[in-house]
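First the structure, in the form of structure tokens, and then the observations on it.
The values are calculated or read from the model by the stated rules, or taken from the named source; none is laboratory data. Computed from a prediction, not measured in an experiment: that's the story for all the values here. Counting neighbours? That spans all protein chains shown, and the Cβs are built from the backbone with ideal geometry, glycine included.
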Protein chains: 2
Amino acid sequence: MWSVVNIRYPNGAAYHGPAKQSAPSHTGTRTNYGDRGMSLEAELNESNQYYLTNGIAVIHKKPTPVQIVKVDYPRRSAATIKEAYFRHPSTTDYNGVYQGHYIDFDAKETKNKVSFPLKNFHEHQVEHLRACVQAGGIGFAIIRFTNEGDTFLLPASVLFKFWDNQANGGRKSIPRADIEASGYSIPFQLNPLVPYLSAVDSLIAKKK
Amino acid sequence: MWSVVNIRYPNGAAYHGPAKQSAPSHTGTRTNYGDRGMSLEAELNESNQYYLTNGIAVIHKKPTPVQIVKVDYPRRSAATIKEAYFRHPSTTDYNGVYQGHYIDFDAKETKNKVSFPLKNFHEHQVEHLRACVQAGGIGFAIIRFTNEGDTFLLPASVLFKFWDNQANGGRKSIPRADIEASGYSIPFQLNPLVPYLSAVDSLIAKKK
């Protein structure tokens, strides 16, 4: 059995094993990372597992909030939920601790090429990030342009600027050029797949 | 309609309104807080809401983790979960940020009077707290003796000591006397109901 952790295609793309996903497809001479089959969420979960296992950070995705209405108890030990509904989360999806700092973020993917639509964020997520930053935490968004496979960390302050501007009649998206200028490019690599804490290091350095 | 936030019984106990719970019962001359009808979880949720509304801290209870197996989509907008199972949480229930510090804890109630049984904690919860503390976070447990209605904040370091001692054949509970000596008593009050961040202030002061 091949080990998952140390195999790369000749072009440098990661190989995750045949059972888990298809190999990156190629369009002409360009690697199409958008087709590599692993969602940003799955890659972040793997990255967070790497950070946890190596004692670097403790960051988890929160469970999906569910309103449970009906539960059957066929046996004492086996409860089966028979009716439940998805609730709107009141926070972002990810939080945790890194070097004593509170970390809070959401991860979003877009198929857009030139901008990131703000409708991908809900009001309560932005307000939650705002409250976290006010309480001394480090907030941001991880944004992936799936067509190009490019991933960025966008500091919460930049998100707030565009969000508030939208509320005042401004544009409904953040231009990719602004994300490139004000955010941090996160390269795709192995161990971890999405090394976003390197960008967080820069945020921490700015905070000091 | 009475306002919920500013009513007290003559003895100083909180009044939460008739619709929500029964009033504290009295055993002889002693207020029996154990009967006041609000769970520690509900009181913590109210307290966290108070801290959030007042810009003091952003601390939330995580959703119950559920493994979703079958979902019906009768309409586009209305997804109904038809089969799901409770999963074991891999972390504690509460986390968030206070004065820039990462806060992580679990809340436990016991009917025992003289000690807190360690079986109330799962291995993965203790290991999660250990990882959080190692990453620079502030970890603890909030423990309530329901018979007396006494609530304590127990620093994670004390929990680890008893937990590791148990693994080496030591006692399976933490004596209440040790919790009183090494922990912080949290008085019952209004706004917030469980003012545990005052005890966290002491933990932060010790950290410096």
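Structural remarks
- Residue within the range A:159-166 that is modelled with pLDDT of 95 or more and touching a Leu at 6+ places or on another chain (Cβ under 6 Å) present: yes
- Odd one out for B:T64, checked against (1) in contact with an Asp or Glu (Cβ under 8 Å, 6 or more places away or on another chain); (2) in a loop (DSSP other than H, G, I, E, B): (1)
- Residue within the range B:137-144 that is of a type in the set (F, W, Y), at the interface with another protein chain (Cβ under 9 Å from one of its Cβ atoms) and either touching a Phe, Trp or Tyr at 6+ places or on another chain (Cβ under 8 Å) or on the phi > 0 side of the Ramachandran plot (or both) present: no
- For the range A:56-72, a residue qualifies if it is more than 29 Å from A:Q99 (Cβ to Cβ) and more than 7 Å from chain B (Cβ to nearest Cβ), and the qualifying residues are A:Q67, A:I68, A:V69, A:K70, A:V71, A:D72.
- Criterion: surrounded by 14 or more Cβ atoms within 10 Å (Cβ to Cβ), at pLDDT 90 or above and basic (K, R) - qualifying residue of A:K61, A:K119, A:K70, A:K113: A:K61
- A:S25, sole failed condition from (1) touching a helix residue (DSSP H, G or I) at 6+ places or on another chain (Cβ under 7 Å); (2) modelled with pLDDT of 80 or more: (2)
- Odd one out for A:S90 among (1) exposed (fewer than 15 other Cβ atoms within 10 Å of the Cβ); (2) in contact with a helix residue (DSSP H, G or I) (Cβ under 9 Å, 6 or more places away or on another chain); (3) over 21 Å from B:S90 (Cβ atoms): (3)
- Positions within the range B:73-108 being within 10 Å of chain A (Cβ to nearest Cβ), assigned to a strand (DSSP E or B), under 22 Å from B:S39 (Cβ atoms) and not polar (S, T, N, Q), in sequence order: B:F86, B:G96, B:I103, B:D104
- Residues of the range A:73-100 that turn out to be of a type outside the set (A, V, I, L, M), at pLDDT below 95 and out of contact with any Lys or Arg (no Cβ under 9 Å at 6 or more places or on another chain), as a count: 11
- Condition check for B:L118: among the aliphatic types (A, V, I, L, M), more than 13 Å from chain A (Cβ to nearest Cβ) and in contact with a strand residue (DSSP E or B) (Cβ under 7 Å, 6 or more places away or on another chain): yes
- Residues of the range B:178-208 that are in contact (Cβ under 8 Å) with a residue 24 or more places away in the chain and aliphatic (A, V, I, L, M): B:I179, B:I186, B:L190, B:L193, B:V194, B:L197, B:A199, B:V200, B:L203, B:I204.
- Flag: B:G55 matches the condition of being on the phi > 0 side of the Ramachandran plot and modelled with pLDDT of 95 or more.
- First in the range A:116-131 and part of a loop (DSSP other than H, G, I, E, B), second anywhere and modelled with pLDDT of 95 or more and among the aromatic types (F, W, Y), Cβ under 8 Å, 6 or more apart: A:F121/A:W163
- Filter result for the condition that a residue is charged (D, E, K, R), touching a Cys at 6+ places or on another chain (Cβ under 7 Å) and in contact (Cβ under 8 Å) with a residue 24 or more places away in the chain, over A:D104, A:D150, A:D93: A:D104
- On the stretch given as the range A:36-61, residues that are touching a residue at least 24 places away in the same chain (Cβ under 8 Å) and in a loop (DSSP other than H, G, I, E, B) total 4.
- Filter pass, A:G183 being of a type outside the set (D, E), on the phi > 0 side of the Ramachandran plot and more than 14 Å from chain B (Cβ to nearest Cβ): no
- Residues located in the range B:89-115, provided they are aliphatic (A, V, I, L, M) and out of contact with any Phe, Trp or Tyr (no Cβ under 8 Å at 6 or more places or on another chain): B:V114
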